[in-house]
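*Asks:* Pasting in a structure now, in structure tokens, and then I'll have a few things to ask.
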Amino acid sequence: MTDTVNYLLDADKLSRRLSADAGVYDISIKLQRGDILGLLGLNGAGKSTTLRLLTGTLVPDSGDVRISGDSMREAPLQARRKIGYLPDQPPLYNDMRVESYLRFCAKLRLVAKAEQQSNVEAVLNECDLQSVKKNRIGQLSKGFRQRVGLAQALVHKPHVLLLDEPSNGLDPNQMMGMRNIIKQTGEKQAVIFSTHLLAEAQAVCNRIAVVHKGKLIHEDKVTGDNKQLEDLFTGLSADDTQAASA
Amino acid sequence: MIGAIAGFESRALLRSAQTWIIAAVLAIVFAYLFLQALETYLEVQPQLALQDHPTGLSGFLAVRYLAPLVMVFALIAPLLAMRSFSDEYRQHTMALWQSSPVSMTGLVVGKFLGVALVILLLVMVAGLLPAFMRFYTALDFGVLAASVLGLSLASLMFTAIGLFFSSITKHAIIAVAASVLLLVLLWLLGSAGSADNILTNVLAIFAIPTHLAGFFQGYISTASVAYFVILTVLFISLTIIRLDALRHSG
């Protein structure tokens with residue numbers, strides 16, 4: 001029991017079949033405080049599905065996830081309270097203003113009334129949104145929208161932050177900003193984010209997991225020498241290109 | 001939490017221009033129907049007075065003004081409920097609710113209450129017009145209260161149906177069309193065929209007019225109240241089932 005409580009996120013053999021040739025199988029991931037895990041894979045490898053299973057937005061056929069000891073199957077509400085999730089499309093209401101949207105998100109995640117305002121202020125600063133806090137979300141540029149999406153995932157101080165391709169569509173500058181936020185968050189909590197760029201994973205993560213055809217085929221700490229991982233990943237890409245042309 | 005979601009939904013409705021356009025059009029419809037009913041009453045009053053038990057102004061307005069409004073609300077309620085879930089699907093915001101510590105029951109009940117609040121406000125406005133006649137003549141508030149209750153219960157049921165169809169499609173307009181079609185069907189059940197046909201009579205038990213008529217004559221029957229409450233709860237439950245299924249269906 002103590003074993004499970006130590007992990008902020010403990011996924012045990014998650015499987016979910018979506019169709020004959022899509023799904024994820026036997027995904028097991030354990031994250032501790034300070035872990036930043038990059039979920040690396042080609043498009044369609046099962047990264048988003050894996051994240052949806054971890055956040056409980058998709059129910060697995062088998063297996064379970066524990067968030068700081070709370071099972072997504074047995075105590076879904078307690079478990080969900082401790083996750084922050086940014087899907088590949090940030091869940092934003094275009095007619096709301098940034099600040100009131102974030103305040104509502106804090107309320108929704110059961111942040112104590114006295115702390116709601118200070119939490120919102122904190123993420124506004126952290127995600128560099130002070131200048132647009134009174135703007136309607138619909139008027140914001142892609143980069144700002146992505147940051148509001150990230151702020152929404154952070155506002156209740158989750159134990160585990162899960163991001164689905166967070167730097168998609170961002171310019172290099174914004175990408176750097178996003179990476180810094182991920183790194184900062186990773187110092188206090190556990191972060192898992194998906195990407196199809198090896199370089200990005202290497203720049204931010206201290207652990208990398210590779211998903212291919214719905215299976216976790218590699219999981220290791222990031223060390224100075226990543227030759228092996230690079231070979232593996234280029235190999236996968238080549239496989240995929242061959243399969244597509246065949 | 002349900003209260004917070006209801007507040008969120010009401011506020012979302014009040015932020016949208018569409019709600020205010022609907023409210024403005026309704027104000028015109030209310031005023032037109034009300035004045036028309038009033039004028040007719042003044043015309044026929046001399047003849048009514050000759051009857052043994054003449055219909056008073058309250059009874060007349062209940063049947064000629066408040067009862068037809070049920071049809072108006074059969075369109076308005078689905079129109080106000082149509083975006084509840086369709087918009088969430090289209091804006092990809094369902095993930096926000098699904099990854100938050102909210103049960104789907106809480107979400108659906110909260111959203112229903114949010115839309116219901118706006119609908120009931122509109123029903124109250126409709127009910128206020130006849131009440132103003134109090135300054136000119138004596139009114140039978142029993143009949144008016146029963147009518148407003150009937151109108152409210154029916155509108156809540158229409159809202160639940162609108163909410164359900166909204167949870168099925170991301171196209172809000174399809175949700176409205178489906179809701180209105182179902183309501184027309186429920187309206188016409190058992191109205192065809194002769195009165196001594198068993199099938200006709202059985203179908204009529206499930207028809208809306210069967211249960212609505214009494215309210216506008218000042219009768220509140222338990223069976224009729226139960227009919228509207230049961231259908232409302234049924235469609236709310238179906239919406240919850242639908243949203244729970246969504247979490248399983250990828």
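Read the figures in this text as sums done on the coordinates, not as results from a lab. What you are looking at is a predicted structure, and each value in this text was computed from that prediction instead of being measured. Note that we place each Cβ from the backbone using ideal geometry, even for glycine, and neighbour counts take in every protein chain shown.
*Asks:* Around B:Leu238, with a cut-off of 15 angstrom between Cβ atoms, what is the net charge of the other residues, counting Lys and Arg +1 and Asp and Glu -1?
*Replies:* On the way: positive: B:Lys111, B:Arg242; negative: B:Asp244.
Net local charge, B:Leu238 excluded: +1.
*Asks:* Another one. Quick check on segment A:175-227: what does the Kirkwood estimate of hydrodynamic radius come out to from the alpha carbon pairs, in Å?
*Replies:* After inverting the mean inverse Cα-Cα distance, the result is 12.0 Å.
*Asks:* To continue, here is another question. In the structure shown, do any of A:Lys113/A:Lys188; A:Lys213/B:Lys170; A:Lys47/A:Lys215; A:Lys47/B:Lys170; A:Lys47/A:Lys213 have a Cα-Cα gap over 21 Å, and if so which? Please report the intermediate quantities before stating the final value.
*Replies:* Values: A:Lys113/A:Lys188 23 Å; A:Lys213/B:Lys170 30 Å; A:Lys47/A:Lys215 10 Å; A:Lys47/B:Lys170 25 Å; A:Lys47/A:Lys213 10 Å.
Flagged as over cut-off: A:Lys113/A:Lys188; A:Lys213/B:Lys170; A:Lys47/B:Lys170.
*Asks:* Please compute the contact order of chain B in relative form: average sequence separation of alpha-carbon pairs under 8 Å and at least six residues apart, divided by the residue count, as a percent.
*Replies:* 27 percent
*Asks:* Could I ask something else about it? Given a cut-off of 21 Å, what percent of all Cα-Cα pairs of segment A:89-157 lie beyond it?
*Replies:* 13 percent
*Asks:* Another question about this same structure. Looking at the protein assembly as shown, what % of the alpha carbon pairs are farther apart than 42 Å? Kindly include the intermediate steps, with their values, before the conclusion.
*Replies:* Values: 40801 of 122760 pairs.
For the protein assembly as shown, the fraction of Cα-Cα distances above 42 Å is 33 percent.
*Asks:* Let me have the relative contact order for segment A:119-246, percent, based on Cα pairs under 8 Å that are six or more residues apart.
*Replies:* In percent, rounded to a whole number, it is 17.
*Asks:* Could I ask something else about it? Output the 0 to 90 degree angle, nearest 10, between the alpha-carbon long axis of helix B:104-132 and the longest principal axis computed from the alpha carbons of chain B.
*Replies:* 20 degrees
*Asks:* Rg/Rh for segment B:113-196: what does it come to with C-alpha atoms and Rh from Kirkwood?
*Replies:* 1.11
*Asks:* Only Cα pairs under 8 Å and at least 6 apart count here; give the relative contact order of chain A as a rounded whole percent.
*Replies:* 27 percent
*Asks:* Relative to the longest principal axis of the C-alpha atoms of chain B, give the angle of the C-alpha long axis of helix B:17-48, reported between 0 and 90° and rounded to the nearest 10°.
*Replies:* Tilt relative to chain B: about 20 degrees.
*Asks:* For segment A:139-236, with equal point scatterers placed on the C-alpha atoms only and solvent neglected, what are the log10 I(q)/I(0) values from the Debye formula at q = 0.17, 0.20, 0.21, 0.23 1/Å, to two decimals?
*Replies:* Computed log10 I(q)/I(0) values: -0.82, -1.07, -1.15, -1.29.
*Asks:* For chain A, modelled as a GNM with alpha-carbon contacts under 10 angstrom, which of A:Val211, A:Val148, A:Val59 fluctuates the most?
*Replies:* Judging by the Gaussian network model, the answer is A:Val59.
*Asks:* Jot down the per residue volume, in cubic angstrom and as a whole number, of the convex hull over the alpha-carbon atoms of segment A:38-115.
*Replies:* Convex hull of Cα atoms, per residue: 135 Å³.
*Asks:* Moving to a separate point now. Restricting to DSSP H runs of at least four residues, report the calculated mean residue ellipticity at 222 nm for the protein assembly as shown, -39500 (n - 2.57) per run over all residues, nearest 500 deg cm²/dmol.
*Replies:* Details: 21 runs with 296 residues, N = 496.
Calculated mean residue ellipticity at 222 nm is -19500 deg cm²/dmol.
*Asks:* Now, a different point. So if I restrict to the alpha-carbon atoms in chain A, what is the Rg, and what is Dmax, the biggest pairwise distance, in Å?
*Replies:* Every Cα atom of chain A included, Rg and Dmax give 17.9, 61 Å.
*Asks:* Kindly provide log₁₀ I(q)/I(0) values, in the same order as q = 0.10, 0.21 Å⁻¹, from the Debye equation applied to equal alpha-carbon scatterers of segment B:125-250.
*Replies:* Calculated log10 I(q)/I(0) at the listed q: -0.43, -1.17.
*Asks:* Measure nothing fancy, just the Cα-based angle from helix B:141-166's long axis to the longest principal axis of chain B, in degrees from 0 to 90, nearest 10.
*Replies:* 30 degrees
*Asks:* Just the C-alpha atoms of chain B: what Rg/Rh do they give, with Rh taken as the Kirkwood radius?
*Replies:* In chain B, Rg relative to Rh is 1.02.
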